[in-house]
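**Q** Following this message is one structure expressed as structure tokens.
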Amino acid sequence: MTTRTDTPPTWDERAQLTTFLDYARDTARAKCEGVSAEGARTAPIASSPLMTLCGLISHLRWVEYYWFQVMFLGEEMEGPLAEATDDDPDPEMRTAVDTPLPRLLTEYEEQSARYRRLVSDHDLDTTAKRPLRDGRHVDLRWVLLHLIEETSRHNGHLDVVRELVDGETGA
């Protein structure tokens, strides 16, 4: 069972931001607990065929990769996001159906641990190596806030998908 808390150990800005991101991550994992392998790959919303628990967890993982490694650190894009096109904008969600949910969750947690270290090693005012489309460079603080928003929004999707798949609510 996933243990979650949204109460930081201290009240400084970094602790609050990282605690809320970890809380959102833990919530995503909690929403997947106990689902069957078939349920994890089921897309219960006909108009959203990629909206599966596997697809959403994969998306969360790759969104963090994009913001931390590609945008913040300036690394070259790799993995399924490098294959995105106008016709297939979310390959990380499409290909996730072939990956067991426990593996996706493990990869997401391992990556989260690496990013916790990355965040602890940088000042919140450190700017990203790559600019946004408009040419501005976000700082690490903005990346954390964006990921809190992104993960929390997709937790709502996970909640709906899970309830439609097997009736499980909460977490």
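The values are calculated or read from the model by the stated rules, or taken from the named source; none is laboratory data. In this text, all values refer to a predicted model and were calculated from it rather than measured experimentally. Cβ coordinates were reconstructed from backbone atoms using ideal geometry, including for glycine residues, and neighbour counts include every protein chain displayed.
**Q** So, of the residues in segment 86-103 that are without any contact (Cβ under 8 Å) to a residue 40 or more places away in the chain and under 16 Å from residue 40 (Cα atoms), which turns out to be surrounded by the most Cβ atoms within 10 Å (Cβ to Cβ)?
**A** First pass over segment 86-103, keeping only residues without any contact (Cβ under 8 Å) to a residue 40 or more places away in the chain: 86-89, 91-92, 95, 98, 102-103.
If we keep only those that are under 16 Å from residue 40 (Cα atoms) too, we end up with 92, 95, 98, 102-103.
Values: 92: 24, 95: 17, 98: 8, 102: 11, 103: 12.
Ranking the qualifying residues of segment 86-103, first place goes to 92.
**Q** I need a count of the residues in segment 53-63 that are in contact with a Gly (Cβ under 9 Å, 6 or more places away or on another chain) and touching a residue at least 40 places away in the same chain (Cβ under 8 Å).
**A** 1
Quick grid of which residues meet (1) in a loop (DSSP other than H, G, I, E, B); (2) surrounded by 15 or more Cβ atoms within 10 Å (Cβ to Cβ); (3) modelled with pLDDT under 95:
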| residue | (1), (2), (3) |
| --- | --- |
| 74 | yes, no, no |
| 105 | no, yes, no |
| 125 | yes, no, no |
| 134 | yes, no, no |
| 163 | no, no, no |
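**Q** Then there's this: From (1) assigned to a helix (DSSP H, G or I); (2) out of contact with any Leu (no Cβ under 7 Å at 6 or more places or on another chain); (3) closer than 15 Å to residue 149 by Cα, pick out the condition that doesn't hold for residue 69.
**A** Tallying (1) assigned to a helix (DSSP H, G or I); (2) out of contact with any Leu (no Cβ under 7 Å at 6 or more places or on another chain); (3) closer than 15 Å to residue 149 by Cα, residue 69 fails exactly one: (3).
**Q** From the set of residues in segment 1-53 that are of a type in the set (Gly, Ala, Ser) and over 17 Å from residue 93 (Cβ atoms), which is surrounded by the most Cβ atoms within 10 Å (Cβ to Cβ)?
**A** Taking segment 1-53 and keeping what is of a type in the set (Gly, Ala, Ser), we get 15, 24, 28, 30, 34, 36-37, 39-40, 43, 46-48.
Then keep just the ones that are over 17 Å from residue 93 (Cβ atoms); that gives 15, 24, 30, 34, 36-37.
Numbers: 15: 13, 24: 21, 30: 17, 34: 11, 36: 11, 37: 11.
Per the stated criteria, the residue is 24.
**Q** Residue pairs, Cβ under 7 Å, 6 or more apart or interchain, first in segment 104-132 and farther than 14 Å from residue 15 by Cα, second modelled with pLDDT under 95 and small (Gly, Ala, Ser). List them.
**A** 104/96
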